[in-house]
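One structure below.
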Amino acid sequence: MILKTEDLKNLDRIYRLNLINSISGIKPANLIATKSRTGQDNVAIFSSVVHLGSNPPQLGFVMRPQVEPFTDTYTNILETGFYTINHVTDAFVKKAHYTSAKLKADESEFDVMAIQKQYIEDFFAPFVRSSPVKIGMKHLESISLPNACIFIIGEIVLVDVLDTSVDKKGQLDLSAHKGVGISGLNTYHGLHKIETFPYVRENEIPTFDD
């Protein structure tokens, strides 16, 4: 199947939505949690978290176009400057998926989906207790994208990770804690480690067969 610009435009809306959302491959499954200035917390699933740099340590993620009233996640990040990113595992993947529901402003996904929250030291926003990788973020910048989505850039200011998930070089083994990835909008995949290769130097490239 070969589809060009006009073909894509003429596809059924739902078919196109599913195709384009899944065409990039497996994406990370994360729960992003925030808390309002008045203490109302919320948590929602995102599949767009990306690495931006390690020094300073920064991550970014994409939010859908915002029309007032803004979503709770976006409002809380702008008003408080803090949020958390929490890896999803197969143990609570169903609960995580349903956080995509639009709840009332005074309802918390933590409560409705029975997801336990956790506060670590004095960090403002809550974490997901059962997540094996918890990341505390400080908001740095929001950038408007050509499609009206918003790219949120943040600095990692706190990390809580299981010792058993990190090797001597600091590399995370995502399969060790049964992390999951997302294809499209609603299909989840388990992760398993295939191999670890060395840092590539030109004089160390092996000879490959056809």
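The values are calculated or read from the model by the stated rules, or taken from the named source; none is laboratory data. Quick caveat, the model's predicted, so the values are computed rather than measured. In this analysis, Cβ positions are derived from the backbone assuming ideal geometry, glycine residues included, and neighbour counts consider all displayed protein chains.
Structural remarks
- Where strands (runs of 3 or more DSSP E) fall entirely within the range 127-202, those with at least 2 residues that are among the charged types (D, E, K, R), modelled with pLDDT of 95 or more and over 28 Å from ILE20 (Cβ atoms) are at 133-144, 150-161.
- Taken across the range 54-76, residues that are more than 29 Å from VAL133 (Cβ to Cβ), surrounded by fewer than 10 Cβ atoms within 10 Å (Cβ to Cβ), free of Cβ contacts under 8 Å to residues at least 12 places away in the same chain and polar (S, T, N, Q) do not occur at all.
- Contacts under 8 angstrom Cβ, first residue in the range 22-33 being over 7 Å from ILE45 (Cα atoms), partner surrounded by fewer than 24 Cβ atoms within 10 Å (Cβ to Cβ) and among the charged types (D, E, K, R), 6 or more apart: ALA33/ASP41; ALA33/LYS117
- Among the candidates ASP111, ASP72, residue that is farther than 25 Å from PRO146 by Cα and either out of contact with any Cys (no Cβ under 9 Å at 6 or more places or on another chain) or not small (Gly, Ala, Ser) (or both): ASP111
- Looking only at the range 83-107, residues that are surrounded by 20 or more Cβ atoms within 10 Å (Cβ to Cβ) and under 25 Å from SER142 (Cβ atoms) come to 8 in all.
- Test: residue in the range 143-166 that is among the polar types (S, T, N, Q) and touching a Lys or Arg at 6+ places or on another chain (Cβ under 8 Å): no
- The range 86-119: number of residues that are of a type in the set (Phe, Trp, Tyr), under 11 Å from ASP41 (Cβ atoms) and assigned to a helix (DSSP H, G or I): 1
- All positions within the range 32-53 that are surrounded by 16 or more Cβ atoms within 10 Å (Cβ to Cβ) and charged (D, E, K, R): LYS35, ASP41
- Every test in (1) under 18 Å from the mean Cα position of the chain (by Cα); (2) surrounded by 12 or more Cβ atoms within 10 Å (Cβ to Cβ); (3) of a type in the set (A, V, I, L, M) is passed by ILE23 save one, and that test is (2).
- Boolean, GLY154 is small (Gly, Ala, Ser) and under 25 Å from SER100 (Cα atoms): yes
- Here ASN186 passes the criteria (1) touching a Phe, Trp or Tyr at 6+ places or on another chain (Cβ under 9 Å); (2) of a type outside the set (Asp, Glu); (3) surrounded by fewer than 13 Cβ atoms within 10 Å (Cβ to Cβ) except the one numbered (1).
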